[in-house]
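Step one of this worksheet: look at the structure below.
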Amino acid sequence: STNGIDIFNWHTGKTIRYFYNSKGKYTLGQGATMCLFRDSHGTMWIGTYLGGLQYFDENTRRFVSYLHNDKNPYSIAGNDIRSVAEDFDGNLWLAVHGKGVDKFDVRQKRFYHYTKNQNRLSNNWTYEVMIDHRGDLWVGTMKGLSRLKKTESVFESYRSSFTDTTTLPNDYVTVIHEDKNNNLWVGTTSGLARYNPRKNNFIRYPDVLVNSNISGILDDDQDRLWISTHDGISMFDPSLQKIVNFSSYDGLGADEYNPRAMYCNSSNEFFFGGIKGIDAFNPKNLRFNTKPPDVYIDG
């Protein structure tokens, strides 16, 4: 949110709110909250638009911040944090918008920087970081997708080509999602693609969505993708190549969804955040009315 963070307690129904305070040392970061990430130790990390990276200390109810410092090369590269991921060694990887990617050694409290010039990242305007089942890092940027194999320091990058349909549909990568079967899905502003590891290229899925500007991707236990866009949510079954599109007519409140504002909890309930709030549902509990209505001619 642009105003702060709401912590909602399901059991009590109570909401606690935290806001940025320019006078406080242990305050939420300045600017819109861009990402939330819970690590393997249960610590909640927050990335904001102007306030760098923070974690929330549950005992003291304080936010501890990491901000860029020109005098310290091991400080965070910038203060606009769009995405956080954790690798198998417990390091955090950050999409630092405009500055590339940072690896944060949580024990040493040191940030190591990866950029286009030094590490062949496709672009420094990064949106999302994701660690796949192999431990490789995938980075979505404004100009292409990059992968850093575990233990390596140079990225391999993937760009869209208008004449080659085995490339990304668009270079503007908005979201990366690995499903339960280890398929890697990439959402762009021009549609959906799946990574083909055998050929190291992409399979495009053109014309399956009502709106090809993708905001979020989740998968359910029937291997169907639920894709939030700038115009509703689509359910896509890759095996049957079947698509069902949902909008406000089906009870959605938001219609236009925010980039990467998606979550699946331990009860398999889905949450998608949009410009008018949050839509929550369990795909299992949805009942589809597939029976065409009877036609009555009254005149």
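Observations
- Range of Cα positions in region 1-78 per principal axis (Å), largest first: 46, 28, 22
- With R₀ fixed at 22 Å, the C-beta to C-beta distance from Lys199 to Thr151 puts the FRET efficiency at about 0.40.
- The figure for Val210 is an accessible area of roughly 90 square angstrom, using a 1.4 Å probe on the protein chains alone.
- Shape category assigned to region 209-285 from the gyration tensor of Cα positions, a/c cut at 1.5: oblate
- Take every pair of alpha-carbon atoms less than 8 Å apart whose residues are at least six positions apart; their mean separation over the length of the chain yields a relative contact order of 7 percent.
- Each Cα pair under 8 Å and six or more residues apart adds its sequence gap; the mean of these over the residue count of region 22-111 is a relative contact order of 21 percent.
- Positive minus negative residues near Gly24 (Lys, Arg vs Asp, Glu; Cβ under 14 Å): +3
- For the chain: rounded, prolate or oblate by the Cα gyration tensor [a/c cutoff 1.5]: oblate
- Whole-angstrom gap from region 56-74 to region 256-299, using each part's C-alpha centre: 38
- In Hz, Karplus ³J(HN,Hα) per residue of region 193-203 (6.51, -1.76, 1.60; θ = phi - 60°; x = Gly, Pro): 9, 10, 6, 9, x, 5, 9, 6, 9, 10, 9
- The slack in the chain from Leu67 to Arg120, taken as 0.36 nm per residue of separation less the alpha-carbon distance, amounts to 16.6 nm.
- Highest-first packing order for the peptide set 130-143, 54-67 is 130-143, 54-67, based on the mean count of other beta carbon atoms within 10 Å.
- Unsatisfied cross-links (Cα-Cα over 24 Å) in the set Lys150/Lys199; Lys180/Lys284; Lys180/Lys242; Lys180/Lys291; Lys25/Lys116; Lys109/Lys150: Lys180/Lys291; Lys25/Lys116
- For the set Asp223, Asp39, Asp102, the ranking by accessible area, highest first and with no ligand, DNA or RNA atoms included, is Asp223, Asp39, Asp102 under a 1.4 Å probe.
- Per residue, the solvent-accessible area of the chain (1.4 Å probe, heavy atoms of protein chains only, all protein chains present) comes to 56 Å².
- Atom-type composition of the exposed protein surface of the chain places 48 percent of the accessible area on carbon and sulfur (1.4 angstrom probe).
- Heavy atoms of Leu145: accessible area, 1.4 Å probe, square angstrom to 10: 0
- Near Lys199: Cβ cut-off under 15 Å, other residues only, Lys/Arg at +1 and Asp/Glu at -1. The net charge is +2.
The values are calculated or read from the model by the stated rules, or taken from the named source; none is laboratory data. The model shown is predicted, which means the values in this text are computed figures rather than measured ones. Reconstructed Cβ throughout: ideal geometry from the backbone, glycine too, with neighbour counts over all protein chains shown. Only protein heavy atoms, including side chains, enter the accessible area calculation; ligands, DNA and RNA are left aside. Shrake-Rupley method; radii C 1.70, N 1.55, O 1.52, S 1.80 Å.
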